[in-house]
Amino acid sequence: MNDTDRKLGPTILQVEGISLAFGGVKALTNISFEVKEHEILAIIGPNGAGKSSMLNVINGVYHPNAGSITYKGNVRQQMKPHEAASQGIARTFQNIALFKGMSVLDNIMTGRTLKMNAGFLAQCLYIGSARNEEIEHRKKVEEIIDFLQIQSIRKTPVGRLPYGLQKRVELGRALAAEPELLLLDEPMAGMNIEEKEDMSRFILDVNDEFGTTIVLIEHDMGVVMDLSDRIVVLDYGKKIGDGTPTEIRNNKEVIDAYLGVSD
Amino acid sequence: MDSSSPSAREDTLSALILKNAKVIGSKTAIREKDLGIWQSWSWADVAEEVKWLAGGLSAKGYVRGSNLAIIGDNRPRLYWSFAASQSLGGIPVPLYQDAIAEEMIYVFNDAEIEFAIVEDQEQVDKLLEIMPQCSKLRCIIYDDPRGMRHYDHPAVMSYEEVRDLGLNFIQETPDFLERELEKCHTDDISVILYTSGTTSKPKGVCLTHRACIDVAQGDMGFDGYTDDGEILSYLPMAWVGDHLFSYAQSIVTGYTVNCPESSETVMTDLREIGPTYYFAPPSVFENLLTQVTIRMEDASKIKKWLYKTFMAVAQKSGLDIIDGRSVSIKNRILYFIGNIFIYAPLRNNLGMSRIKVAYTGGAAIGPDLYRFYRAIGINLKQLYGQTETLAYVCKQPNGEARLDSVGTPMPGVEIKVGEKGEILVKSPGLLKEYYKNPQATEESITHDGFFRTGDAGFIDQDGHLKIIDRAKDVGTLNDGTMFAPQFLENKLKFFPFIKEVVCFGDKRDAVCAFINIEMDAVGNWAERQGIGYSGYVDLASKPEVYVLLQTCIEQVNQDLAKDDTLSGSQIKRFLILHKELDADDDELTRTRKVRRDFVAEKYEVLVTALYNDAKECFIETQMKFEDGRTGVISANISISDAKTSQSTLELAA
């Protein structure tokens, strides 16, 4: 992106000296980087480099052994996933994690759970504020459906949809939480070129229209280079590169990690 | 409405909108599904919206007599753009949104377009791209703001901005629109519809307010349209059928137009709306039937049995019932039961429960398709017309729907048969002229005011019009029999095994045909018969396939024998081509019409072989692969005879 400077804001997320080990296996070693507001940051690296672990640390699924995370000015060592969610961090998963038997609409609606305030009973009886709330949430969900252009499958059970569309629905559910920081774990894995183009378009649109900050993991280098403002490269749990796509493309250490070193 | 001096005139479409706003102001005029909910606008709302938009356009410098391009899917705001332009004495020019750039540039320059109202970013991008070549274009207004945030081109603005301009403008000059309306005349051009010429540049067909209103009233009387009707508008706005059905007819009749959410949701929206009037080209009806058939294949045994049994009942008595002919009590009871278990649920599933009348036209409809819909109680009929006649020539009256005719002339329509059997039409919907093309106007309209349709046909003893072919393709056999290739080809193409046919016969002794098999259908058939084949060329040369096609042709011959005019043009000999006719090899046009002369020339050897008594013929042809390389394929093609049937006339003699 050439107009990077125009849209970037202050730092929204800063990770410092994060280390994570499972028993003797060091998944992450002393990782530090920062994410600016409205930025699209890609995390890349070979298989097992610790990319998904990094995302899991950010949204509180894993608790790091050392280091700290500063999110919107609050420093903490660890947080729980629901805390992350309530503070505006949403994510999608490498393997689709949707409710297969439920409709697209209902699946996206689940993304609104944290925004629902009405009591259980009121919701069951569909009275008073619960009713207004439901209408408000449904409206938001419909806007997302419109945004992602999935009107025609609104009422289709997710299990009956092709893979590419399921990925889109998952993005929709993450968007339903109106996140400030969106974590996408391989949003384009297993897609064909057309589906990848669509998904890239939506990611850029989300970033542009809603100003959402996006951290994504992706293997397709073409997509990564086109989409991201900045790239962080991990290898064996260590950060070996951090910079704009052009910088990364010319980074010797990164080239070695991807292509192997000839002695 | 705040207008204090009601306009007495009701002879323009824009005046009629104001009348609707007064007389049926609270009735729903148009709906659009947005964010999953059907949003409605009453006639009073529509009149206001049109007024504001007209004010805004005027404030931006849109003047009387200028043209307004409209491009996009069927959206309420785009329909209001027609009305806004018309109330200012301007002329809306809808364009096909998938038109290629070259064609768009041509139309923009031909119509000297300064203002365009489009649906979304996609269209804006397209117009900005061609803007350097369209010298007059200076204002692009978009409806959907999605993705438009970063556009700062001075010519681009949103619909809201224009409407807000209009609001101010109207507040300053409240009687502005009334004054503008007074200046509009019923014989003014109300719309220009460009017809895409297959050979020449597109021609702009100019239609008047009077034509639109007269035709809409004629149709209303004929089919009994009322203001509580519902239609779904999903066909291109640049097409005459949609302009008449979703715009003019709605204004004249007052029925409700429904705009689908997106082109992918049309089927769902159709079911939700349950329109009372419906128009679709044959291909849409065909797709629907295919879906039904496929879903029935997956149904349980009992359901399959029920479907099969009762569809047989429907085929037997359904047609008689819908046409009002006498049916035995037993069959009536059976049909009644079938209606409860199969036909009514099926109609509901198709979104056709409430349909009073459904029309199809524009292409030939297959007999099975036609019978299917009528048999399950959907009043599907054919109509005949073209852009130049505002689709108002012939319609099938209720109870007289026949497969082989396109109906009887509509009230006010006169039909003559000219040279070579060409149909000449005088219709209230007749075009005023071709836009800036007096030569074309002169060529198309006779001195006594009849339009040359270019279709060949005749009127039978019951007063029904039968269309047989394009007049220029119609020829004669050496014995003087009329030869209508497309008519024969269409008859053959209704067989699922046949993909394409080219018939020869003009100035020859008999009719012979080239056939392309439909790979899927024939391949499937061959597998079930246990016939092995390696590919298209192999399958096309199998003697068994020849026998299969021979039966198809003989069936058509039998059919032809029943018709006195056509019995002489039965197909005597045929061959199956070793390759599919392809647009890449210039054998078809891009719209998949056979280029008859080119094919005849390219395969001259084969044509000669058809007319001498050869049993086989060797041919070598070049073909282009998809990557642009060319290759040669050769084959020994067998030629087969088909039995012809005796005509009823000869039998009687």
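Read the figures in this text as sums done on the coordinates, not as results from a lab. It should be emphasised that the depicted structure is a prediction, and the values quoted were computed from it without experimental measurement. Note that each Cβ is placed from the backbone with ideal geometry, even for glycine, and that neighbours are counted across all protein chains shown.
Some observations on this one:
- Amide N proximity, region B:158-180 versus B:R64 label position 7 Å along Cα-to-Cβ, cut-off under 12 Å: B:179-180
- A:T156-B:F341 FRET efficiency (beta carbon distance; Förster radius 22 Å; 0.05 resolution): 0.25
- Note that chain B carries a Kirkwood radius of 27.3 Å, evaluated over its alpha carbons pair by pair.
- Beta bridge orientation in region B:83-216: antiparallel %, DSSP, nearest 5: 45 percent
- Inter-site label distance for B:I294 and B:D538 at 7 Å from Cα along Cβ, in nm: 2.8 nm
- Region B:474-652, relative contact order in percent, only Cα pairs under 8 angstrom and at least six apart counted: 22 percent
- Computed over chain A: relative contact order in percent, which uses C-alpha pairs under 8 Å that are six or more apart: 27 percent
- Within straight-line reach of B:K624, meaning a Cα separation under 18 Å, sit the following lysines at least 8 residues removed in sequence or on another chain: B:K579, B:K602.
- Working from label points 7 Å from Cα in the Cα-to-Cβ sense, the A:E178 to A:K100 distance is 3.4 nm.
- Counting only Cα atoms, the protein assembly as shown measures 106, 80, 63 Å along its principal axes, largest extent leading.
- For B:K33, the aspartates and glutamates whose Cα falls under 12 Å of its own Cα, not counting residues fewer than eight places away in the same chain, are A:E142, A:D146, B:E261, B:D269, B:E272.
- Test item: Cα-centred dipole of region B:55-121, Lys/Arg +1 and Asp/Glu -1 on Cβ, debye: 460 debye
- DSSP beta bridges confined to region B:13-273 are antiparallel in about 35 percent of cases.
- Here region A:101-176 is treated with +1 on each Lys and Arg Cβ and -1 on each Asp and Glu Cβ, and its dipole about the Cα centre works out to around 180 debye.
- Pairs from the list B:K395/B:K491; B:K316/B:K356; B:K203/B:K466; B:K201/B:K507; A:K80/A:K139; B:K316/B:K593 with a Cα-Cα gap above 25 Å: B:K203/B:K466; B:K201/B:K507; A:K80/A:K139; B:K316/B:K593.
- Net lengthening on full extension, B:D125/B:E272 (0.36 nm per residue, minus Cα-Cα): 49.6 nm
- Under 16 Å from B:K51, Cα to Cα: lysines that are on another chain or at least 8 residues apart: B:K19, B:K22, B:K60, B:K183
- Folded to 0 to 90 degrees: helix B:329-338 orientation relative to chain B principal axis, Cα: 60 degrees
- Distant alpha-carbon pairs in region B:292-333 (separation over 11 angstrom), percent: 67 percent
- For the protein assembly as shown, the residue among B:P409, B:H464, B:G399 whose Cα projects farthest onto the positive side of the dipole built from Cβ charges is B:G399.
- Take the Cα of B:D152, step 7 Å toward its Cβ, do the same at B:K624, and the gap between the two points is 4.5 nm.
- Estimated purely from DSSP H runs of n ≥ 4, each contributing -39500 (n - 2.57), the mean residue ellipticity at 222 nm for the protein assembly as shown is -11000 deg cm²/dmol once divided by its residues.
- Here B:R371 and B:E264 are evaluated by their C-beta separation; at R0 = 30 Å the FRET efficiency comes out at 0.50.
- Signed unit charges on C-beta, dipole axis of the protein assembly as shown, positive-most listed residue B:I37, A:N117, B:L193: A:N117
- DSSP-defined beta bridges in the protein assembly as shown - what % are antiparallel, rounded to 5: 60 percent
- Stokes-Einstein diffusion coefficient of region A:101-176, Kirkwood radius over Cα pairs, 4 °C, 1.567 mPa s, in µm²/s: 102 µm²/s
- Each Lys and Arg contributes +1 and each Asp and Glu -1, all at the Cβ; summed about the Cα centre of region A:1-89, the dipole is approximately 200 debye.
- Angle in degrees between helix B:76-87 and the longest Cα principal axis of chain B, rounded to the nearest 10: 70 degrees
- Helix axis angle, B:519-529 relative to chain B longest principal axis, alpha carbon, degrees: 40 degrees
- Percent of C-alpha pairs per 5 Å bin, region B:13-273, short to long: 1, 6, 14, 18, 21, 18, 13, 7, 2, 0, 0
- Region B:13-273: relative contact order as a whole-number percent, Cα under 8 Å and 6+ apart: 23 percent
- Taking a ≥ b ≥ c as the square roots of the eigenvalues of the Cα gyration tensor, region B:474-652 is classed as prolate, since a/c reaches at least 1.5 and a/b is larger than b/c.
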